[in-house]
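These notes concern the structure reproduced below.
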Amino acid sequence: MFLHHKSIMGGNNMQVKEALSKYGSTPDKLIGAMLAYQRSTPCNYLTEDDIREFASETGLPISRVHGVASFYSLLSTKPRGKYIIQVCYDVPCYVNDSVNVVKELEKKLRTTMGHTTDDGMFTLEYSSCLGCCDKAPVMQIGDKLYGNLTSEKITEILSAYRR
């Protein structure tokens with residue numbers, strides 16, 4: 001069961017300030033700061049309090065900060081697993097069997113797309129093009145891309161993350 005990360009970490013003000021001081025507090029640096037902050041939270045997401053804090057610290061309207069958080073697929077406003085598995089579902093991956101990659105992941109992780117495993121380890125999400133059409137089908141976990149996926153490769157990849 002997920003816990004709200006604010007209740008685990010105490011307040012979020014210092015962590016938001018740290019992310020902004022490291023990445024910058026100007027609008028063009030907001031995504032990087034929010035992503036770094038989000039990755040430091042146990043449930044890998046931004047709460048409404050976090051969004052308000054980013055708005056307050058940057059002087060941006062809450063609506064703009066919320067828009068950034070909800071637009072970019074690497075950011076989330078709902079709890080997610082420690083590792084986000086994004087499966088490309090654009091045409092090159094689709095015609096190269098990304099449908100079976102999704103089925104394999106759902107079977108091995110005992111969850112469905114858009115959901116998180118019971119242990120909070122993985123969240124499955126669809127993604128638009130990941131830029132590796134020559135290696136289709138492709139998935140991304142964090143910043144790492146995996147291509148030419150087969151059932152065996154998926155098993156090896158998931159085992160490595162579980163260690």
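The values are calculated or read from the model by the stated rules, or taken from the named source; none is laboratory data. Quick caveat, the model's predicted, so the values are computed rather than measured. Heads up, the Cβs are rebuilt from the backbone with ideal geometry, glycines too, and the neighbour counts pull from every protein chain shown. Quick note on the areas: whole protein, heavy atoms, side chains included, nothing else; ligands and nucleic acids left out. Shrake-Rupley method; radii C 1.70, N 1.55, O 1.52, S 1.80 Å.
A few notes on this one:
- Relative contact order computed over the chain (Cα-Cα under 8 Å; 6+ residues apart), in percent: 19 percent
- Geometric descriptor of the chain, per residue, is 114 Å³ (volume of the convex hull of the Cα atoms).
- Largest accessible area first, the listed residues 66, 115 line up as 115, 66 when surface is computed with a 1.4 Å probe on the assembled protein chains.
- Estimated at the nearest 10 Å², the accessible area of residue 128 is 80 Å² with a 1.4 Å probe.
- Applying a 4.7 Å cutoff between beta carbons, the unpaired cysteines of the chain are 43, 129, 132, 133.
- Under 16 Å from residue 108, Cα to Cα: lysines that are on another chain or at least 8 residues apart: 153
- Placing a pseudo-label 7 Å from each Cα along the Cα-to-Cβ vector at residue 159 and residue 97 gives an inter-label distance of 1.9 nm.
- Ellipticity estimate at 222 nm from DSSP helix runs (n ≥ 4, -39,500 (n - 2.57)) divided over the chain, nearest 500: -13500 deg cm²/dmol
- When only the Cβ of Lys, Arg, Asp and Glu is charged (+1, +1, -1, -1), the dipole of the stretch 59-163 relative to its Cα centre reaches about 320 debye.
- The stretch 55-144: antiparallel DSSP beta bridges as a percent of all, rounded to 5: 45 percent
- Reachable lysines, given that their alpha-carbon falls under 18 Å from the alpha-carbon of residue 78 and they are not under 8 places away in the same chain: 6
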